[in-house]
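Everything below concerns the one structure shown next.
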Amino acid sequence: MSSTRTAIVTGAARGIGAAVALRLASDGYAVAVVDLDETASEATVEQIAAEGGRAVAVGADVADEQQVRAAVDRVRSELGAPVVLVNNAGIIRDNLMFKMTVEDWNAVMSVHLRGAFLMTRAVQADMVEAKFGRIVNMSSTAALGNRGQVNYSAAKAGLQGFTKTLAIELGKFGVTANAIAPGFIRTDMTAATAARMGMDFADLIAAGEKAIPVGRVGEPEDVAHTVSFLASQDAGFVSGQVIYVSGGPQG
Ligand code: NAI
């Protein structure tokens, strides 16, 4: 294996994914910044380069089998075989169950579950070959249930089962799989949630600060730090776990 290990982070053009990509780059990984729009991923790549790291922008829809295969092929040839995969790409299509359309159900299942499956299947052989691999799936406290998110909640709970089964199947090859379940993290996604609720984002944050035991909302770097731990060589005996990064014991 080359001395620089390669990591893939999906949904890394902004938000949590961008912070994870930056952190893994500063940990010494060459990072593939995967997102729907390659141009949008360039900002993260430039930031990584400015801090002395190595990264490439890769445009791909994680729910599209051909695009996933092409993206992983590109990563292999431009950066080297991936040994870390962070399945972070995500969308919300919130609505109360009685108003939810089949399209909104399918879209959310497709990005979170099918996307994580396709990406993981595309890279697992590289990890098995390297006898080392780290898979981190982005779940959510919504897995515990959240009004207006029946699709998202089911997908995020599904990712936890996906993670545990990967841990069982891939453990003997030196590959761990874990999930992170963030609570309220300050990103465009939570800003969109505030807008849907007809609230100012600042008011939603203030409500979060009151409700969250540590007295603040989360930042993308809080999640990135946890990914950094789970991706590390020394975390090899931690597998099949769900770590709630939510400022308290509950979602
Ligand atoms: P965000 O909306 O700011 O960023 C998500 C990124 O994923 C975007 O750049 C988007 O273009 C990309 N993406 C969406 N669909 C894609 C697809 N099919 N293929 C490739 N890329 C795609 O969201 P945020 O807040 O950074 O969330 C990141 C992850 O963390 C998501 O999985 C989200 O569900 C999860 N999460 C976020 C929480 C929060 O409070 N912000 C809380 C719990 C979980």
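The values are calculated or read from the model by the stated rules, or taken from the named source; none is laboratory data. What you see is a predicted model; the values in this text were computed from it and never measured. Because the Cβ atoms are built from the backbone with ideal geometry, glycine has one as well, and the counts that use them run over all protein chains shown. Only protein heavy atoms, including side chains, enter the accessible area calculation; ligands, DNA and RNA are left aside. Shrake-Rupley method; radii C 1.70, N 1.55, O 1.52, S 1.80 Å.
Over the chain, the ratio between the Cα radius of gyration and 2.2 N^0.38 Å evaluates to 0.96.
The residue among ALA21, GLY80, SER110 whose Cα reaches farthest toward the positive pole of the charge dipole of the chain, with charges on the beta-carbon of Lys, Arg, Asp and Glu, is SER110. For the pair ILE168 and VAL102, label points projected 7 Å from Cα toward Cβ lie 3.2 nm apart. When peptides 224-233, 207-216 are sorted by average Cβ neighbour count within 10 Å, with the highest value leading, the order is 224-233, 207-216.
Angle of helix 115-130 to the longest C-alpha principal axis of the chain, folded into 0 to 90 degrees and rounded to 10: 30°.
Working from Cα positions, state the angle (0 to 90°, nearest 10) between the long axis of helix 15-26 and the longest principal axis of the chain. Between the helix axis and the principal axis of the chain, the angle is about 30 degrees.
Among ALA50, ALA155, ALA71, the largest mean-square fluctuation in a Gaussian network model of the chain, built with springs joining Cα atoms closer than 10 Å, belongs to ALA50.
Paramagnetic label reach from ALA49 (point 7 Å along Cα→Cβ; backbone nitrogen cut-off under 18 Å): within region 68-87, residues 75, 78-80.
In nm², what is the average projected area of the convex hull enclosing the Cα atoms of region 122-251?
Values: hull surface 33.7 nm².
Its average projected convex-hull area is 8.4 nm².
For region 110-210, the fraction of 1.4 Å probe accessible surface lying on carbon and sulfur atoms is 56 percent.
Using a 10 Å cut-off on Cβ atoms, rank the peptides 174-181, 241-248, 192-199 from the highest mean neighbour count down. Kindly include the intermediate steps, with their values, before the conclusion.
Details: 174-181: 24.6, 241-248: 18.1, 192-199: 13.0.
Going from most to least packed, we get 174-181, 241-248, 192-199.
Using R0 = 22 Å, the C-beta based FRET efficiency linking ALA191 and PHE229 works out to 0.20.
Farthest towards the positive end of the charge dipole of the chain, among the residues VAL58, PRO213, GLY240, is the Cα of GLY240, using unit charges on the Cβ of Lys, Arg, Asp and Glu. Taken along the Cα-to-beta-carbon direction at a fixed 7 Å, the label points for THR4 and ALA206 span 4.7 nm. Averaged per residue, the chain has 46 square angstrom of accessible surface, using a 1.4 angstrom probe with ligands and nucleic acids left out.
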